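S.K.: Sharing a structure with you now.
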Amino acid sequence: MARPRLNSGDSHSEDLPKPKLNKELLKKALHIFSYLKPYKGKFIIGMVFLILSSLTMLTFPALLGAMIDASQGKQTYTWLPSNIMYIGGLSLAILSVMSIISFFRIRLFVEIAEKSLANIRRDSYMKLITLPVDFFANRRVGELNSRLSSDLSQIQDTMTTTLAEVIRQTISLSLGVLLLVWVSPKLALLNLCILPILVVTAIVFGKYIRKLSKQTQDQLADSNSIVQETLLGITNVKAFVNEYYESQRYSKKLDNVVTLAVKGATFRGIFASFIIFCIFGAVITVIWYGANLVSQGEITVGDLTTYILYSMFVAGSMGSFPELYASIQRALGASERVLEILHEKTENIIISEDNKTINKSLMGKLTFDNIRFAYPTRPDIKILKGLSFTAEAGQKIAIVGPSGAGKSTIASLILQFYHPNEGKIYYDDIPSDSISLTDIRNQVAIVPQDVLLFGGTIRENINYGKLEAGPDSVIDAAKRANAHDFIMSFPDGYDTIVGERGVKLSGGQRQRIAIARALLKDPSILILDEATSALDSESERLVQEALEELMKNRTSIIIAHRLSTIKNADSILVVDNGNVADFGNHFELLAKGSGLYHHLYTLQSSQQVES
Ligand SMILES: Nc1ncnc2c1ncn2[C@@H]1O[C@H](COP(=O)(O)OP(=O)(O)OP(=O)(O)O)[C@@H](O)[C@H]1O
Ligand SMILES: [Mg+2]
């Protein structure tokens, strides 16, 4: 079976194609059920309760019929005395037992489903955050998120209610039909004649109505995504004065929704009135014919009552099956999507408390040996074409080059987010595949091009560099990153909430937080990707000071556009077209009198003189 693509835009699980029930799918679904294993005992007890309550429910029509017969002095069953009080009391007793059983059943099933679902959630989340970076390149965060939320709640619904319902309704349907025949074979035969008409129309109409309602849902989802897009990019909408355009776009979608919904409602209406006609027609026919049978003395009034009650049970079960079937299909589709995550191959990292323990300390020497690399998503575009360089432990190496040359890509490779197609990266002369991923990442820190802070306090964001660091170390790191003063200027200081629901920090402030975080981590290799790009001259001086502090005693890889910031680097690596265009320190490269660095430098210094 082909793996479904994971890039469907909207994250409504109802919109995704429902898989046909087949063997392979069921096998997969069984895997999800393996999460029930730890609760096997409770599950079996729940099942027994479920069957018991379904069976006891079926006794009521017989008891009620017998009670009516008893009122006329007739005895329906030899084992049941024709005494109204006795039968009424017995019914109440059975009802009480059934209620208690139902309580325990629901309680048990919900407990099992919640617990096993939490385990699935835990596992999927664990899986997600340990997957390699390129897994996320193909997926939208919203979609992955919806797997953890809506797909799993779909499965939860199935585990808690659908499964129980299927069993209950199957029992009620099959036993109910048998009981109908037992009460009155003649009436049952009459009912069976109406059945095919109902089933056929239900199938034909049902299919059509479902198609229409799916189209309506799709259009509604489209219109919702318009709302979402425009609200997220509201400043864009306003800046380009596109309010009218967007409102037209939205209103057109809404018109479609209404047209489709009304069309659907027409068919639903026809269908509903037809079904009502059939059902009440059947009821009238049964009572009519039943009344005849009663007057001929073939059955009693109690029998007729029993019969009608049983046929209501049977009709109810039949009516519930299409919905149950659809719900199972949805759950299977959902489990398929969740299992896909659970079966992905993770990165080879340690996931435990001691994943911060460094087994092999690195001095910080870094070597790229003939690295060739293309991103897995775009294998035909070669980003690095045999790039080599060495940074000795403690050196400052600057990387410069045109935009898109692959500078940030080099940073990702050092962090082992991606692996080279050819060539090897050495840390302290040890090839990367001989050192554990956690050892490498624990000793490399990056101040990225665009700093993303987590929602939470400033303190928490700095602490992220070293979770066990105390408040004093956090403040010390912030001071060394020149961030302390602006942090203290906020009323809440280090407890200021940042991110979506808090204070928006400026680009330069975010960078200084990221620098503090990196300082706290105290890595052997430090990568600065355009760390001073978002700053004015004054803050650049502050950040530059912070960076000088940060770069002490470790290997630093500095990616920079502004060449003035890298004059005192030990070596400058000029990257162009996937290769090393030049290598040497500032003065060596300038002394050449030609080359990319010379060109860029003269360009930038002349601009500075002009301004
Ligand atoms: N995740 C990715 N998947 C596919 N291609 C990518 C990915 N990230 C970057 N690229 C491509 O790789 C090339 C190098 O990108 P990179 O970010 O390394 O450039 P850069 O030198 O850092 O540029 P800048 O100076 O603008 O930051 C670009 O052509 C870019 O389109
Ligand atoms: Mg970059």
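The values are calculated or read from the model by the stated rules, or taken from the named source; none is laboratory data. Computed from a prediction, not measured in an experiment: that's the story for all the values here. Heads up, the Cβs are rebuilt from the backbone with ideal geometry, glycines too, and the neighbour counts pull from every protein chain shown. Note: accessible area is taken over every heavy atom of the protein model, side chains too, but ligands, DNA and RNA are not part of it. Shrake-Rupley method; radii C 1.70, N 1.55, O 1.52, S 1.80 Å.
S.K.: Going by the conditions given, is Tyr375 under 25 Å from the mean Cα position of the chain (by Cα) and within 16 Å of ligand 2 (Cβ to nearest atom)?
M.R.: Numbers: under 25 Å from the mean Cα position of the chain (by Cα): yes; within 16 Å of ligand 2 (Cβ to nearest atom): yes.
Judged against the criteria, Tyr375 is a match.
S.K.: Assess whether Val294 counts as being over 31 Å from the mean Cα position of the chain (by Cα) and in the same structural domain as Lys27 (by TED's automatic domain parsing). Before you say what the answer is, go through the steps one by one.
M.R.: Working: over 31 Å from the mean Cα position of the chain (by Cα): yes; in the same structural domain as Lys27 (by TED's automatic domain parsing): yes.
Against the criterion (over 31 Å from the mean Cα position of the chain (by Cα) and in the same structural domain as Lys27 (by TED's automatic domain parsing)), Val294 qualifies.
S.K.: Only one of (1) open to solvent by less than 50 Å² (accessible area, probe 1.4 Å); (2) in a helix (DSSP H, G or I) is not met by Phe313, so which one is it?
M.R.: (1)
S.K.: Kindly check whether there is at least one residue in the range 62-72 that is charged (D, E, K, R) and open to solvent by 60 Å² or more (accessible area, probe 1.4 Å). Quick ask: steps written out before the conclusion?
M.R.: Taking the range 62-72 as the starting set, the residues that turn out to be charged (D, E, K, R) are 69.
Checking the rest, the ones that are also open to solvent by 60 Å² or more (accessible area, probe 1.4 Å) come to none.
No, the range 62-72 contains no residue that is charged (D, E, K, R) and open to solvent by 60 Å² or more (accessible area, probe 1.4 Å).
S.K.: Does Ile226 count as modelled with pLDDT of 85 or more and either assigned to a helix (DSSP H, G or I) or under 30 Å from Pro322 (Cα atoms) (or both)?
M.R.: Values: modelled with pLDDT of 85 or more: yes; either assigned to a helix (DSSP H, G or I) or under 30 Å from Pro322 (Cα atoms) (or both): yes.
Criteria met by Ile226.
S.K.: Select from the range 389-408 the residues that are within 10 Å of ligand 1 (Cβ to nearest atom) and among the hydroxyl-bearing types (Ser, Thr, Tyr) and write down the one among them that is least open to solvent (accessible area, probe 1.4 Å). Give the derivation first.
M.R.: Pass one, the range 389-408, residues within 10 Å of ligand 1 (Cβ to nearest atom): 399-408.
From the residues that got through so far, the ones that are among the hydroxyl-bearing types (Ser, Thr, Tyr) too are 403, 408.
Values: Ser403: 105, Ser408: 44 Å².
It comes out as Ser408.
S.K.: Of everything in the range 359-388, what is surrounded by 14 or more Cβ atoms within 10 Å (Cβ to Cβ) and β-branched (Val, Ile, Thr)? Give them in sequence order.
M.R.: Listed by number, the residues that qualify are Thr367, Ile371, Ile383.
S.K.: Exactly one condition in (1) assigned to a loop (DSSP other than H, G, I, E, B); (2) loosely packed, with under 12 Cβ neighbours inside 10 Å is false for Glu298; which is it?
M.R.: (2)
S.K.: Looking at Thr216, Thr235, Thr201, can you tell me which residue is over 24 Å from Trp182 (Cβ atoms), surrounded by fewer than 12 Cβ atoms within 10 Å (Cβ to Cβ) and not aliphatic (A, V, I, L, M)?
M.R.: Thr235
S.K.: Sticking with this one: I'd like the residue in the range 174-188 that is over 17 Å from Trp288 (Cα atoms) and of a type outside the set (A, V, I, L, M) and, out of all such residues, is most open to solvent (accessible area, probe 1.4 Å). So that I can check it myself, show each step before the final result.
M.R.: So in the range 174-188, the residues over 17 Å from Trp288 (Cα atoms) come out as 174-179, 181-182.
So of that shortlist, the ones also of a type outside the set (A, V, I, L, M) come out as 174, 176, 182.
On the way: Ser174: 63, Gly176: 0, Trp182: 141 Å².
Only one residue fits best here, namely Trp182.
S.K.: Are there any pairs, at least 6 apart or on different chains, whose C-beta atoms fall under 8 Å, with the first in the range 409-428 and under 13 Å from Lys382 (Cα atoms) and the second more than 16 Å from ligand 1 (Cβ to nearest atom) and open to solvent by 30 Å² or more (accessible area, probe 1.4 Å), and if so, which?
M.R.: Glu422/Asn370
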